[in-house]
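The values are calculated or read from the model by the stated rules, or taken from the named source; none is laboratory data. All values derive from a computational prediction rather than experimental measurement. Reconstructed Cβ throughout: ideal geometry from the backbone, glycine too, with neighbour counts over all protein chains shown.
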Amino acid sequence: MIADGQFDYYIRVNWPGNAPLTEAYLSFDPVDNSALEEFIIANTPSEHRIYFVVGSPLQNEHENMKQKLKAKGEFFFERVEHVGEATVGFFKRRKVPQRDWWIFGSTTSRDTIAAIFENYISWDAFSWSFLFIISKEEPPYWKTSPETFFSFKSEETEETMHPELIRQSHCVLLTVHEAGIAIASDKLSREGLIEIATEIAKRSSTELSVESYSRSSVGKASS
């Protein structure tokens with residue numbers, strides 16, 4: 001399924017109402033990581049890089065991903081964020097710090113994108129999202145706090161993605177749960193995205209349906 005206008009539900013961006021923006025959400029049932037990888041690569045023009053922000057609450061996943069990126073010679077840097085404390089132990093209870101382990105990197109390799117999906121059980125177990133930014137040059141604001149990208153739309157928070165991240169990139173993609181990916185771009189057309197998704201659906205022997213949503217609501221406006 002490809003649903004128009006869902007991106008704002010997953011990544012909040014203060015986009016001008018009079019400026020064109022193509023937004024869509026692509027999902028597969030059953031889960032097909034290779035189709036998600038193919039969709040990312042298909043939306044990456046030549047001479048562009050894929051900048052990515054990936055993370056996990058599990059340190060071993062973080063360390064494994066670092067080793068894979070080093071082995072592939074990929075550029076990346078890491079960030080560890082302290083998010084609180086957890087009480088552990090059965091007989092002898094104690095508090096230990098909780099951390100989120102983030103990697104910011106870039107690549108032109110589909111193998112590296114595949115390694116991201118393969119490495120993180122958080123992708124399936126904890127529904128952590130991955131962010132991919134397709135850009136010819138290093139995009140602005142992509143090294144900001146990950147919460148800016150990954151917090152669901154909420155009236156209680158004012159954090160949003162900076163619109164220049166989209167303006168100065170070819171497109172921005174965000175995985176959603178374990179089966180879908182959202183995309184936003186002011187350079188891609190709705191028809192072009194449907195064409196790409198149709199080809200992927202044919203190769204993976206799945207059906208494609210298209211639904212449209214209003215940008216300010218997750219309720220369906222038309223289909």
Qualifying residues in the range 118-148 (those that are of a type in the set (Val, Ile, Thr) and either out of contact with any strand residue (DSSP E or B) (no Cβ under 7 Å at 6 or more places or on another chain) or modelled with pLDDT of 90 or more (or both)) - the one surrounded by the fewest Cβ atoms within 10 Å (Cβ to Cβ): Ile121
Residue pairs meeting the criteria (Cβ under 6 Å; at least 6 apart or on separate chains; first part of a loop (DSSP other than H, G, I, E, B), in the range 183-208; second among the small types (Gly, Ala, Ser) and surrounded by 15 or more Cβ atoms within 10 Å (Cβ to Cβ)): Ser204/Ala35; Leu208/Ala197; Leu208/Ala201
Test: His48 is more than 28 Å from Thr206 (Cα to Cα), touching a strand residue (DSSP E or B) at 6+ places or on another chain (Cβ under 7 Å) and at pLDDT 85 or above: yes
Qualifying residues in the range 31-49 (those that are among the polar types (S, T, N, Q) and part of a loop (DSSP other than H, G, I, E, B)) - the one surrounded by the fewest Cβ atoms within 10 Å (Cβ to Cβ): Ser46
Tally of residues being at pLDDT 70 or above and hydroxyl-bearing (Ser, Thr, Tyr) across the range 1-28: 3
Which numbered condition Val54 misses (of (1) assigned to a helix (DSSP H, G or I); (2) closer than 16 Å to Ile121 by Cα; (3) of a type in the set (A, V, I, L, M, F, W, C)): (1)
Residue in the range 63-81 that is assigned to a helix (DSSP H, G or I), under 17 Å from Ser169 (Cβ atoms) and at pLDDT 80 or above present: no
